[in-house]
């Protein structure tokens, strides 16, 4: 029996109210210190805390509002001197002035860094659109959905990659993971993806396509060596779904095996013979084996990187992907990936590695051409 999938959405607190509270915090601090200074004996001297207000403003406000708040604190301190004598007003006023000047400069530096970070993110977003461009959600009778999440929230791109091509030989899919970190891993991933895009339409079979990608990785590794790491290499998995053939061809180059859902049955397709990861042919030989398995209307296929299966909980238990898929065997591709992302976050309390996944489904009833 196919289990129905219950929608589970993550409820997040609205961030608008939190942001407004942060922006108002310097004013609230000023009001609180002022109220305490006027309502308590002069011996406590809460007025000495007034320099904290412009210091806090430097973290959240532009330069001019920060200076104006410092000026307001100066006026408040002068007013306090008429209510309570012997507060050491000159010293506190000097402290407020000095802190305000320093806060204005700190605010200026912060704004410059935020602008630089914004420009860097624009470049990263443009690079991601080139490296991981939006995939077509439907090619013939094949539904395709994608998921990519970087381990670091601020990151946009990484070493995981995927691509889809509609070729004369059928729909071809690629997913992989470059071993390494930083810009070198991103460059290697871009080299593999570009090779796939250029050759997927021309190479007659997956073996020849894998050899082209192997050659590209070798050339890239030679052209861009990394001092603190061995040569670049990547695991990759390619799938070819011929039009109307009811099957799929899989070439797995050291990558985590795909998971198939056929009705109530969930299978993990381990390769019959191992194929060489990209750029390791000199060590392991040039061996590429293609497995052909049924892929009938209604069947689903999940391709993923090792960031999925290597996510651990606090006890060190890996994410149980096959069992998880069995609990979501009726989910459509988009629902499946949304649930996967949410459950990975719940299981691991965050992501320690980049995560990429493709959910593929052959429609139960392929549309017929109009006569």
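Here are the numbers for the structure shown:
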item: Options 105, 148, 91; residue that is surrounded by 14 or more Cβ atoms within 10 Å (Cβ to Cβ), modelled with pLDDT of 85 or more and either more than 29 Å from residue 354 (Cα to Cα) or assigned by TED's automatic domain parsing to the domain that holds residue 339 (or both); result: 148
item: Filter pass, residue 315 being under 27 Å from residue 263 (Cα atoms) and either in contact with a helix residue (DSSP H, G or I) (Cβ under 7 Å, 6 or more places away or on another chain) or assigned by TED's automatic domain parsing to the domain that holds residue 259 (or both); result: no
item: Selection status of residue 114, at pLDDT 90 or above and exposed (fewer than 12 other Cβ atoms within 10 Å of the Cβ); result: yes
item: Residue 130 being within 30 Å of residue 161 (Cα to Cα), touching a residue at least 60 places away in the same chain (Cβ under 8 Å) and in a helix (DSSP H, G or I); result: yes
item: Matching residues in segment 305-331 - criterion: being touching a residue at least 60 places away in the same chain (Cβ under 8 Å) and touching a strand residue (DSSP E or B) at 6+ places or on another chain (Cβ under 7 Å); result: 305, 306, 307, 321, 322, 325, 326, 329
item: Of residues in segment 299-315 being at pLDDT 90 or above and more than 15 Å from residue 147 (Cα to Cα), the one surrounded by the fewest Cβ atoms within 10 Å (Cβ to Cβ); result: 299
item: Residue 346 vs. criteria in the same structural domain as residue 173 (by TED's automatic domain parsing), more than 30 Å from residue 140 (Cβ to Cβ) and at pLDDT 85 or above; result: yes
item: Qualifying positions in segment 19-46 - at pLDDT below 85 and either in contact with a helix residue (DSSP H, G or I) (Cβ under 7 Å, 6 or more places away or on another chain) or in the same structural domain as residue 335 (by TED's automatic domain parsing) (or both); result: 40
item: Only one of 159, 170 that is on the phi > 0 side of the Ramachandran plot and in contact with a strand residue (DSSP E or B) (Cβ under 6 Å, 6 or more places away or on another chain); result: 170
item: Positions within segment 262-289 being surrounded by fewer than 19 Cβ atoms within 10 Å (Cβ to Cβ) and either within 31 Å of the chain's Cα centre (by Cα) or not in a loop (DSSP other than H, G, I, E, B) (or both), in sequence order; result: 262, 265, 267, 268, 269, 270, 271, 274, 282, 283, 284
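The values are calculated or read from the model by the stated rules, or taken from the named source; none is laboratory data. Everything numeric here is computed off the predicted structure, so don't read it as measured data. For neighbour counting, all protein chains shown are included, and Cβ atoms are generated from backbone atoms with ideal geometry for every residue, glycine included.
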